[in-house]
Amino acid sequence: MSTVMAKQDKTSLENGAGLIRRLAKTLPDTPGVYRMLDQGGRPLYVGKAKSLKKRVVSYANVNKLPVRLKRMVAQTHEMVFVHTHTETEALLLESNLIKKLKPYYNILMRDDKSFPYIMMTGDHDYPLLTKHRGKQKRKGHYYGPFANAGAVNRTIVTLQKAFMLRNCTDSVFSQRKRPCLQYQIKRCSAPCVGLVSADDYAQQIKEAKAFLSGKSREVQEGFAAAMQVASDAQDYEVAAKYRDRIRALTSIQARQDINIKNLGDADVVGLCSDNGKSCVQVFFFRGGQNFGNRAYFPRHNKDDTPEDILGAFVAQFYENKPVPKEVVVSHGLKEKRLLEEALGVRVTLPKSGARKRLVDFVVKNARDALAREVAKLASEKVMLEGVAKLFGLEDTPQRIEVYDNSHISGTNMVGGMIVAGAEGFRKSAYRKFNIREALKSDDYGMMREVMARRFKEGHSLEERPDLLLIDGGKGQLSSVMDVLEELGIADKLTIVAIAKGPDRNAGREKFFIKGREIFQLPENDLVLHYLQRLRDEAHRFAIGAHRTRRKKDITKSPLDDVPGVGAKRKKALLHHFGSADAVKNAGLKDLQQAEGISNSVATKIYEHFHEK
């Protein structure tokens, strides 16, 4: 058996090398990006080259390749090439394709979260200070990135105490008649009701911008001087306000345990590798202030060097993120010049002094995070082995999909799918299904629809789950089995339903598997606790998706679908008539009386609601 396999491997390697030689003959000596694909068209590897011809033909010399690359060449059945004008363009395209395609043999930075920012709006007389995540479409100033939402929230609270800036939406601001609680607890100067002048509020904004831009010392010194002036004038109430604002700023600086002179806007990136696993820690500094840190665990092969891992990480990390002025790294990068040119950033590797001590501190954080991750993965592995034994799986499951539905009396029905594996929950793979066809409150019909949409076109069968875990009992299991048997894949999947115990008590769950007797596990069984955690995460996700859909329905207005009626006209109509229903029932002449509503627009509105 092993001799046959060895011959097959040798034949595949020769075929792959032959394909590469033939393709290399047609390639020019110019920069570009190449992709190696397997027999099913799936990407094996994405690479860039200063000379496509020279780089690609190097893979044909299989005797000089390490075992991992020999395996890759043996699996290669097709190659795709993209020519670029420069090597810099090739680097950017390579990073984009790696993140998009996730090839098996590439070093891959796994990141399923965007970064939060602090936004100070610039399209209002009294700017709003708030947390922002996503595209920066609104006019204003954005400060960040922050490592997580907690860091943003803490900073915003402190900024409100120090600079008394509003955090209410523009619509709430325009409708206020008296100060809100934020004013009462001294976190807002109440510009909504005129308790602060436009000039004074503008000064508060100016001070906040200066602080967020790194001029914290100057701002604090200004507050101290103003406090002294007020105290000398025996205006102790004003002096006390400045004292409280100084204390708020001091509370931020007290958390700044890292202060490096002249650091400015920089990311400090440190790598720790051990036994084929790595952690990259990124510390974010803006205006010299520490905006927090985040750990990443890139996927790579055991023989990848720290320089290769960190270089690939930096290229992919900044592919879709704002780049600071400087990136401080813990290891030398082989393509430092190319990365600097492509990203427009200065990459530095400190050898001594305060910056070297900072990098050592970041690497220590990476080492600690890696130790925690390894311990977590070991625990996950034990649980997955227990799941395989419990449900009779041939191998340890790498992908478990868990399904649950959520609705209220049949409204806003949503199905949720979560994914778990050897590295815990894979939140980037979660999926929600807005139920369209199932009858109200038909849980079985909802589950059938979810299954049909998940698997109807062989969707993601290359990532076919090793285990399907359904929140429900015998009826839900039968519904799922019926759909998957129709699709011809029921025998390719292991499907288990987990039903809550009597009175929905945790620990008394029953398990349903086709062809087996219903069974339970002891309440203190660790595998049961793991399966409960999966079930509860699916429940949480489904409920969250349902609430989001319900909230959209609640806030949706009949005026949203009227052609020619934007936010400004909608506001004018609501002010004039008092409600969307009143607008809907208004006559043509009444509509024309509203501010900004011309005869033609009034006609469109009337016809929209009265067309037969």
Could you sort the peptides 235-245, 27-37 by per-residue average Cβ neighbour count (10 Å cutoff), highest mean leading? 27-37, 235-245
The convex hull of the Cα atoms of the stretch 169-237, divided by residue count, gives a volume in Å³ per residue of 112 Å³
For Q184 paired with S428, estimate the spin-label separation in nm (one decimal), with each label point 7 Å from Cα along the Cα-to-Cβ line. 4.6 nm
Work out the charge dipole of the chain with +1 on the Cβ of Lys and Arg and -1 on the Cβ of Asp and Glu about the Cα centre, then indicate which of I605, A538, V62 is farthest towards its positive end. V62
From the C-alpha gyration tensor of the stretch 420-500, pull out the three semi-axes of the equivalent ellipsoid (sqrt of 5λ each), sorted largest to smallest, in whole Å. 20, 15, 14
Mind sorting I246, I518, I118 by how few other Cβ atoms lie within 10 Å of their own Cβ, fewest first? I518, I246, I118
Roughly what % of DSSP beta bridges within the chain run antiparallel, to the nearest 5? 80 percent
Specify which residue in the list T348, F115, S95 is farthest towards the positive end of the charge dipole of the chain, using unit charges on the beta carbon of Lys, Arg (+1) and Asp, Glu (-1), about the Cα centre. T348
Between the stretch 55-83 and the stretch 195-243, the alpha-carbon center distance in angstrom: 65 Å
Tail weight of P(r) past 18 Å, computed on alpha-carbon pairs of the stretch 400-553, percent: 57 percent
Rounded to the nearest Å, what's the spacing between the alpha carbon centres of the stretch 378-407 and the stretch 305-332? Just the number, please. 35 Å
Ordering of 359-370, 279-290 by packing [mean C-beta count within 10 Å, highest first]: 279-290, 359-370
For the chain, what D do you get in µm² per second when you plug the Kirkwood radius from alpha-carbon pairs into Stokes-Einstein at 37 °C and 0.692 mPa s? 112 µm²/s
For the stretch 188-321, the charge dipole (Cβ of Lys, Arg +1; Cβ of Asp, Glu -1; about the Cα centre) points to a positive end, and the Cα of P191, G287, F297 closest to that extreme belongs to F297
Using C-alpha positions alone, give me the convex hull volume of the stretch 116-254 per residue in cubic angstrom. 111 Å³
Simple Cβ-charge dipole of the chain, Lys/Arg +1 and Asp/Glu -1, about Cα centre, in debye nearest 20: 900 debye
Ranking request for peptides 543-549, 439-445: highest mean number of other beta-carbon atoms within 10 Å first, then the rest in descending order. 543-549, 439-445
Normalised by the number of residues in the chain, what is the relative contact order in percent for Cα pairs under 8 Å and 6+ residues apart? 8 percent
If the convex hull of the alpha-carbon atoms of the stretch 266-342 is projected onto planes in all directions, what is the mean projected area in square nanometres? 5.1 nm²
Under 17 Å between alpha carbons, and skipping anything fewer than 8 positions from K570 in its own chain: which aspartates and glutamates qualify? D170, D560, D561, D581, D590, E595, E607
Rg and Dmax of the stretch 558-610, using alpha carbons, in Å: what are they? 9.2, 23
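No value in this document is a laboratory result; all are computed from the given coordinates. Just so you know, these numbers come straight off a predicted model, no measurement behind them. We place every Cβ from the backbone using ideal geometry, glycine too, and count neighbours over all the protein chains shown.
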